[in-house]
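Structure first, then comments.
The values are calculated or read from the model by the stated rules, or taken from the named source; none is laboratory data. Just so it is clear, the structure is predicted and the values come from calculations on it, not from any experiment. Here the Cβ positions follow ideal geometry from the backbone for every residue, glycine too, while neighbour counts run over all protein chains shown.
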Amino acid sequence: MSLADPKQTSSHQLTDQEVRMIDAMRESYSKLCAELGKVIVGQKEVIEQLAICLFARRHALLMGVPGLAKTLLVSKIAETMSLGFNRIQFTPDLMPMDITGTDILQETEEGRREFQFIPGPIFENIILADEINRAPPKTQAALLEAMQEQRVTVLGKTFDLESPFMVLATQNPVEQEGTYPLPEAQLDRFMFLVELDYPNEEEEIQIARSTTGDDLVKLQGVLSGEEIMAYQKLVRRIPVADHIYEYAAKLVRKTRPQGSSTPDWLKPFVSWGAGPRAVQNLILGAKSRAALQGSYMVRLEDVQYVAKPVLVHRLITTFAAQAEGVSAKQIVSRLLDEMR
């Protein structure tokens, strides 16, 4: 079965089995959305972006004011995927060992005393790091090491984390007092910045009806950990045409004010643009979305869809941009419009 022209793609052609797996992945994703719809009102785009991150084997940073059901959403996603879930509330007094775990002196059956490692809450499939910017940098770094390496080191011992593994961190945009904002290099570790907005009036009425009556229904698991890991491997094998790679690279390079291809209007507004990891995440995110949509190869619209969540938190805007009310999202939108 030929699904891609080898002259136009720099990846392999899909086998019949992989085609069937993509069809099964799309069907599973539809079931996932239907199951989440029993509890979560609206937020379809947020659910899609979180699914893209999960199947791309990446992490996401959620931004939204309190009360938008971030914790509920993440816990229910874990429930529908039959995955383990832990929520870590980040506070100024949280220590790295509160996340990773530590050695504790225990007495054995023989009456001897020896240190035994007690795992921390990081040892689960999906971790919600609530208000990550409230913990000091040392504690943030402990979480980010686990994100990058999928393992933790405690007192010189290394412990691997179970797969699949995903960190969803939240930040509250309206709170600045007593926070430790993530440095740009650490923000770059998150594939997506997922922004949650207020529901519309109809959705808000539905939320009031569904949450002030009986207890929330328990959702059925539609995906197992083994299926998720198989789909994660499948996503990596989605073919990508050469012009898609070129488009992604050109888009990212235009965000850098020192670049020769950067538009003149952008230079006063951006002090630092996106790095090579942004190109990687554009392609990987586009692959994941293409598979979720049932497409057998990456389309340009897939790259354009993931461009904002990939790039917005990677652009460092200048004081001039802030003074004129020009946001990173507006800058990315204009770049996309100019490249259509």
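Starting from residues that are modelled with pLDDT under 80 and either of a type in the set (Lys, Arg) or in contact with a helix residue (DSSP H, G or I) (Cβ under 7 Å, 6 or more places away or on another chain) (or both), keep the ones in the stretch 179-191 and report whichever is surrounded by the fewest Cβ atoms within 10 Å (Cβ to Cβ). Explain how you work it out, then say what you get.
Within the stretch 179-191, the subset modelled with pLDDT under 80 is 179-186.
After this cut, where a residue has to be either of a type in the set (Lys, Arg) or in contact with a helix residue (DSSP H, G or I) (Cβ under 7 Å, 6 or more places away or on another chain) (or both) as well, the list is 179-182, 186.
Details: Thr179: 16, Tyr180: 16, Pro181: 13, Leu182: 20, Gln186: 19.
This residue is Pro181.
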If you go through Val194, Val167, Val154, the only one that is among the β-branched types (Val, Ile, Thr), modelled with pLDDT under 80 and either in contact with a strand residue (DSSP E or B) (Cβ under 8 Å, 6 or more places away or on another chain) or under 20 Å from Arg87 (Cα atoms) (or both) is Val154
Within the stretch 237-268, how many residues are without any contact (Cβ under 8 Å) to a residue 60 or more places away in the chain, within 22 Å of the chain's Cα centre (by Cα) and farther than 15 Å from Asp302 by Cβ? 2
Any chance Val332 is over 21 Å from Arg58 (Cα atoms), surrounded by 15 or more Cβ atoms within 10 Å (Cβ to Cβ) and under 22 Å from the mean Cα position of the chain (by Cα): yes
Conditions (1) modelled with pLDDT of 90 or more; (2) within 30 Å of Lys138 (Cβ to Cβ); number of the one not met by Tyr29: (2)
Per the list (1) farther than 21 Å from Val194 by Cβ; (2) assigned to a helix (DSSP H, G or I); (3) of a type outside the set (D, E, K, R); (4) free of Cβ contacts under 8 Å to residues at least 12 places away in the same chain, residue check on Ala320 breaks on (4)
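Tell me, please, whether a residue that is more than 28 Å from Leu62 (Cβ to Cβ) and without any contact (Cβ under 8 Å) to a residue 40 or more places away in the chain can be found in the stretch 269-286.
Our first condition is that a residue be more than 28 Å from Leu62 (Cβ to Cβ); within the stretch 269-286, this holds for none.
The answer is no, given that none of the residues of the stretch 269-286 is more than 28 Å from Leu62 (Cβ to Cβ) and without any contact (Cβ under 8 Å) to a residue 40 or more places away in the chain.
Within the stretch 238-268, how many residues are among the basic types (Lys, Arg) and part of a helix (DSSP H, G or I)? I'd like the intermediate steps shown before the answer.
In the first step, residues of the stretch 238-268 are kept if they are among the basic types (Lys, Arg); the result is 250, 253-254, 256, 267.
If we keep only those that are part of a helix (DSSP H, G or I) as well, we get 250, 253.
Of the residues in that region, 2 qualify.
Would you mind finding the one in Glu35, Glu45 that is charged (D, E, K, R), surrounded by fewer than 20 Cβ atoms within 10 Å (Cβ to Cβ) and in a helix (DSSP H, G or I)?
So the residue among Glu35, Glu45 that is charged (D, E, K, R), surrounded by fewer than 20 Cβ atoms within 10 Å (Cβ to Cβ) and in a helix (DSSP H, G or I) is Glu45.
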Please state which one of Ser28, Ser75, Ser82 is at positive phi and surrounded by 15 or more Cβ atoms within 10 Å (Cβ to Cβ). Ser82
